Amino acid sequence: MAHDFATLHWDAAAQGTYGTSAQPLPTYVAESDRLVQALVGSDLGPPLWANVQRWGYALPNAGADFERLNDTRSGLYFAGDYTVGRGRVHEAIESGWHVAARIIADLL
């Protein structure tokens, strides 16, 4: 969830996993599910489970230098939203794609 949503609902549920036992899904998870289903225009069914995790320092303040991290020829590669400097899932995925392309190029 985005920063504002996470901050607003920080204490809405205890940290842990919901929906796999007798614990019902937190209200905000059910509401988010309703909004997603309205957005996609399809009944996706209820979430099977949800995990509440708190990463208070998960949003990067600045980006790490992707080229410098991944040009060491050490066999180590680094991907994540921190290389862009914005805590966004799509940025992490795109960074992973760039690393995958680099690995393929290095293997050829």
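Every number in this text was worked out from the coordinates using simple rules, so none of it is lab data. On a predicted model such as this, the values are computed, not experimentally measured, just so you know. In this analysis, Cβ positions are derived from the backbone assuming ideal geometry, glycine residues included, and neighbour counts consider all displayed protein chains.
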If the viscosity is 1.002 mPa s and the temperature 20 °C, what translational diffusion coefficient in µm²/s does Stokes-Einstein give for the chain when Rh comes from Kirkwood over Cα pairs?
129 µm²/s
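Mind checking region 1-94 for chymotrypsin sites (Phe, Trp or Tyr not before Pro) that DSSP puts in a loop (not H, G, I, E or B) and that have at most 16 other Cβ atoms within 10 Å? Can you show the working numbers first?
On the way: sites: F5, W10, Y18, Y28, W49, W55, Y57, F66, Y77, F78, Y82; in loops: W10, W49, W55, Y57, Y77, F78.
Those that pass, being in a loop and sparsely packed, are W10, W49, W55, Y57, Y77, F78.
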In whole Hz and in residue order, list the ³J(HN,Hα) couplings for region 36-42 that follow from phi through the Karplus curve 6.51 cos²θ - 1.76 cosθ + 1.60, θ = phi - 60°; x for Gly and Pro.
5, 5, 5, 5, 8, x, 8
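How large is the dipole of the chain about the Cα centre if only Lys and Arg carry +1 and Asp and Glu carry -1, each at its Cβ, rounded to the nearest 20 debye? It would help to have the intermediate numbers written out before the result.
Values: 7 positive and 12 negative charges, 33 e Å.
With Lys and Arg at +1 and Asp and Glu at -1, about 160 debye.
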Under 15 Å, Cβ to Cβ, from L25 - net charge with Lys/Arg +1 and Asp/Glu -1:
-1
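Once Rh for region 66-107 is found with the Kirkwood sum over Cα pairs, what is the Stokes-Einstein diffusion coefficient at 4 °C and 1.567 mPa s, in µm²/s?
On the way: Rh = 10.4 Å.
For the chosen part, D equals 125 µm²/s.
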Mean separation of Cα pairs under 8 Å and 6+ residues apart, divided by the residue count of the chain: what relative contact order is that in percent?
19 percent
F66 neighbourhood, Cβ < 12 Å, K/R = +1, D/E = -1, net charge -4
Around H98, with a cut-off of 11 angstrom between Cβ atoms, what is the net charge of the other residues, counting Lys and Arg +1 and Asp and Glu -1?
-2
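What FRET efficiency do you get for E67 and T17 if R0 is 35 Å and r is their Cβ-Cβ distance, rounded to the nearest 0.05? Mind dumping the intermediate values first?
Working: r = 38 Å, r/R0 = 1.09.
Given R0 = 35 Å and the Cβ-Cβ separation, E is 0.35.
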Work out how much length I103 to Y77 would gain on full extension: take 0.36 nm times their residue separation and subtract the Cα-Cα distance, in nm to one decimal.
8.6 nm
Say R0 is 22 Å: what FRET efficiency, to the nearest 0.05, do A6 and L48 get from their beta-carbon distance?
0.55
